[in-house]
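The values are calculated or read from the model by the stated rules, or taken from the named source; none is laboratory data. Since the structure is predicted, the reported quantities are computational estimates derived from the model, not experimental observations. Here Cβ is always computed from backbone atoms with ideal geometry, including for glycine, and neighbour counts include all displayed protein chains. The protein model used for the area step is the full one, side chains on, heavy atoms only, and it has no ligands, DNA or RNA in it. Shrake-Rupley method; radii C 1.70, N 1.55, O 1.52, S 1.80 Å.
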Amino acid sequence: MGDGSPFQEHLVISVTNLGERAVTINSAAWAVGKGKHRKFAFQTVGGVYSANYPVELTYGKEANFMVPFLTAPNWLKDFATGFVRDLSDRNVKTLVTLIHTSVGQTVEVKPENGFLEALKKYR
């Protein structure tokens with residue numbers, strides 16, 4: 001982080017408001033699967049550098065929601081084997097991050113390939 005502290009790995013969910021109006025982000029979550037087999041989980045966040053829910057963003061502003069692996073060292077393995085479970089390419093392709101706003105809108109975003117590849121290591 002540039003403050004002299006040791007390197008720390010994080011999962012970062014970065015949200016930028018590209019709309020003309022301010023938006024309040026109430027939570028981030030995950031969904032995986034299709035149809036009646038689709039599962040959902042809310043994402044808790046924390047750490048010194050993480051934004052907390054809810055956060056209001058005006059045009060062009062960004063919030064970074066972080067899961068620090070220092071305090072949650074098994075998060076990736078637990079997420080892969082406990083939530084996603086079916087780590088086949090077909091199922092992993094359905095994984096999305098959900099951003100929930102205060103006006104009831106939910107935005108779905110596909111995670112970066114590096115994250116998806118990290119999950120597949122737990123096959």
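Structure data summary
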item: Label-reachable residues, segment 80-115, where backbone N falls under 12 Å from a point 7 Å from ALA31's Cα toward its Cβ; result: 94-100, 105-110
item: Label point distance in nm, THR58-ALA41, each placed 7 Å from Cα along Cα→Cβ; result: 3.7 nm
item: Accessible-area composition of the chain, carbon plus sulfur, in percent [1.4 Å probe]; result: 52 percent
item: Magnitude of the charge dipole, segment 44-123, Cβ model with Lys/Arg +1 and Asp/Glu -1, debye to 20; result: 320 debye
item: Per-residue HN-Hα couplings for segment 81-86 [Karplus 6.51, -1.76, 1.60; θ = phi - 60°; Hz; x = Gly/Pro]; result: 8, x, 9, 5, 6, 7
item: Set of lysines with alpha-carbon distance to LYS77 below 29 Å, sequence-local pairs under 8 removed; result: LYS34, LYS36, LYS39, LYS93, LYS110, LYS120, LYS121
item: With all protein chains modelled, accessible area of LEU18 [1.4 Å, Å²]; result: 140 Å²
item: Solvent-accessible heavy-atom area per residue, rounded to whole Å², over the chain at 1.4 Å; result: 66 Å²
item: Accessible surface, 1.4 Å probe, highest first, among residues TRP30, TRP75; result: TRP75, TRP30
